[in-house]
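The values are calculated or read from the model by the stated rules, or taken from the named source; none is laboratory data. On a predicted model such as this, the values are computed, not experimentally measured, just so you know. Here the Cβ positions follow ideal geometry from the backbone for every residue, glycine too, while neighbour counts run over all protein chains shown. Accessible surface areas use protein heavy atoms only, side chains included; no ligands, DNA or RNA. Shrake-Rupley method; radii C 1.70, N 1.55, O 1.52, S 1.80 Å.
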Amino acid sequence: DVSAVSAGYSGELVVHDVTFAVAPGEAVAIIGSNGAGKSTLFRAIVSIVRKGAGTVRLDGTDVGRLATHRISRLGLAYVPAERHLFPQMSVAENLRLGAYPGRPDPGVERTVYELFPRLHERLRQAAGTMSGGEQQMLAVARALMSQPRVLLLDEPSTGLSPRIAHEAYQALARLRDSGMTLVVAEQQVPLALDLAERGYVIEHGRIVLGGTSTELAGNPEVQRAYLGVA
């Protein structure tokens, strides 16, 4: 539950009074154009950006004032748009770091390799030498190694060709179908609405619209602004 969260940089608010909730096992999309405040919102949720106001609760526990690493250990994992892999380290090493400070769980590793078989083929390859799509797979897989209950994905289609972005979202759909709770921030709105049951539109740092994915896809304002419908 995100309640009345405001946040920004150097005293200037970027996100204003944002409230939304996600149920266990649900996929929710936060859609908006570049610069709408999606990334700042996600960074505020996991305390990378200091919140000016508001609360964040995970299963009823207030996590909004905890340090980022403590939020992660409680089950809220964040995959930034920039991915932030360790480029000179191998795929296997990046995955092991995802499980830190614990040991990698063999069952979780098997699940990751089933979800992303290409990573299993490239365990010794340096992450920085992989394609954009493979790096996105690795970023998601690394987050999954922490065994999260909620996965926040910021612009997972960033830098990907349409075909590779579609493949990435197919993997996310398999995660959704397995029961993982997903919150996806995206400006590629058709991909996000196909994945999510519900969504919210953010503009200028404020939630301006919410509803089911079907309702949002049929909304004339959403169609004009994000779906290329005249």
Quick one: is Ala53 of a type outside the set (S, T, N, Q) and over 14 Å from the mean Cα position of the chain (by Cα)? yes
Is it true that some residue in region 153-162 is open to solvent by less than 10 Å² (accessible area, probe 1.4 Å) and out of contact with any Ser or Thr (no Cβ under 8 Å at 6 or more places or on another chain)? yes
Candidate set: region 56-104, residues that are under 19 Å from the mean Cα position of the chain (by Cα) and of a type in the set (Asp, Glu); chosen: the one farthest from Gln188 (Cα to Cα): Asp59
For region 197-214 the number of residues that are without any contact (Cβ under 8 Å) to a residue 24 or more places away in the chain and over 23 Å from Pro24 (Cβ atoms) is 2
As an exercise: evaluate Met180 against (1) surrounded by fewer than 20 Cβ atoms within 10 Å (Cβ to Cβ); (2) within 17 Å of Asn34 (Cα to Cα); (3) of a type in the set (A, V, I, L, M, F, W, C); (4) touching a residue at least 60 places away in the same chain (Cβ under 8 Å) and give the number of the one condition it does not meet. (2)
